[in-house]
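Since every read-out is calculated from the coordinates, none of them should be taken as a lab result. Just so it is clear, the structure is predicted and the values come from calculations on it, not from any experiment. Because the Cβ atoms are built from the backbone with ideal geometry, glycine has one as well, and the counts that use them run over all protein chains shown.
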2 protein chains.
Amino acid sequence: MSNAAKDDRSADRTTVREGEIAVELPATTDAALYFIGRIRTPWHRRDECPKNGRESDAVCTVEVDPRWVEGLRGLETVSHVLLLYWMDKARRDLVVQAPRHYAEQRGTFALRSPVRPTPIAASVVRLVGIDGNKLSVIGLDCIDNTPLLDIKPYFASTDAVPDATVGWHAGRKR
Amino acid sequence: MSNAAKDDRSADRTTVREGEIAVELPATTDAALYFIGRIRTPWHRRDECPKNGRESDAVCTVEVDPRWVEGLRGLETVSHVLLLYWMDKARRDLVVQAPRHYAEQRGTFALRSPVRPTPIAASVVRLVGIDGNKLSVIGLDCIDNTPLLDIKPYFASTDAVPDATVGWHAGRKR
């Protein structure tokens, strides 16, 4: 998650800044989600959160609902996990965005902003330990009590692309 | 996605194999999704799909609904993208699974199986080109016409962990 992710739109979900484009959302939804737990972090407001997950060594806690706890069996052998979580405070109708700290506007799918039609974040975190239904992890940047959607083992063989580049971002401070 | 992902449960969503554990799903859902497009691949049945995304050089097409197409602005500067998509044929109630080709059963969250409470896949693919609302990508392993949920730029700085390990999987053929 880049700086853009800190651009909190929770207080105002209707204003469109210069250069931004909002679309009408579809009349109906297509699928439904269960929250499977909550993510506990030290950060209670968006402006308290680290700029991205690698900027903090804080140990955060992923609390899995008791219903799903047996799903953790075997996860203790994994060094890193991919967490999917629901950014429930973000508006979903912007296709072009102008984050405050960037000069240019960009398409939603070129950004890691929480503002997107599917407000789901994907974060790679280091797994420190598991105690019952609680995972201790390092590498999160989200606000406390964020709804959890999924936990996946991170496979370097398919998930790691160390030489990947983001042209528009090259040379910027993150 | 490992071999486990090929374990098609679409034909039978109620059978529980020896050692598997199903739970009762929650009575209500917590959030709703819009499909933002479709993924077109050469594979029409699960047993035709590659074992994982790195096992095929097939160029696949990500078709974004016209409503969202301006969201692609700036994405052409990106080498790799993270795709989230909806595995709509998978059951959601298994917490412990016994994939046919593994000796042991494992928790859902230790597997990349599509069978999970949130049946969303996260795949890293190479972006070959963009033409209007269509992205050409390499590195997918999903079935044709899979519903698309999100496109994100892949940042090596936060998404790549080349030395990550999955203990239970070490030494296995994938």
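Tabulated values for the structure
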quantity: Loop-located trypsin sites (Lys or Arg not before Pro) in the stretch A:63-100 whose Cβ has at most 13 other Cβ within 10 Å (DSSP); calculated: A:Arg100
quantity: Per principal axis, descending, Cα span of the stretch A:15-93 in whole Å; calculated: 48, 33, 20
quantity: B:Asp88 paired with A:Asp163, simple spin-label distance in nm, labels 7 Å along Cα-to-beta-carbon; calculated: 3.8
quantity: Volume per residue that the Cα convex hull of the stretch B:90-137 spans, once the total is divided by residue count, Å³; calculated: 107
quantity: Pairs of lysine residues in chain A - Cα separation under 21 Å, sequence separation of 8 or more or cross-chain; calculated: 6
quantity: A:Arg54 paired with A:Glu20, simple spin-label distance in nm, labels 7 Å along Cα-to-beta-carbon; calculated: 2.8
quantity: Equivalent ellipsoid semi-axes, the stretch A:27-149, via Cα gyration tensor eigenvalues times 5, rooted, Å; calculated: 27, 18, 12
quantity: About the Cα centre, charge dipole magnitude for the protein assembly as shown (Lys/Arg +1, Asp/Glu -1 at Cβ), debye; calculated: 280
quantity: For the stretch B:7-76, size of Cβ-based charge dipole, Lys and Arg +1, Asp and Glu -1, in debye; calculated: 200
quantity: Cα-centred dipole magnitude for the stretch B:61-174, charges only on beta-carbon of K, R (+1) and D, E (-1), debye, nearest 20; calculated: 520
quantity: Alpha-carbon gyration tensor eigenvalues x 5, square-rooted, for the protein assembly as shown, Å; calculated: 30, 23, 20
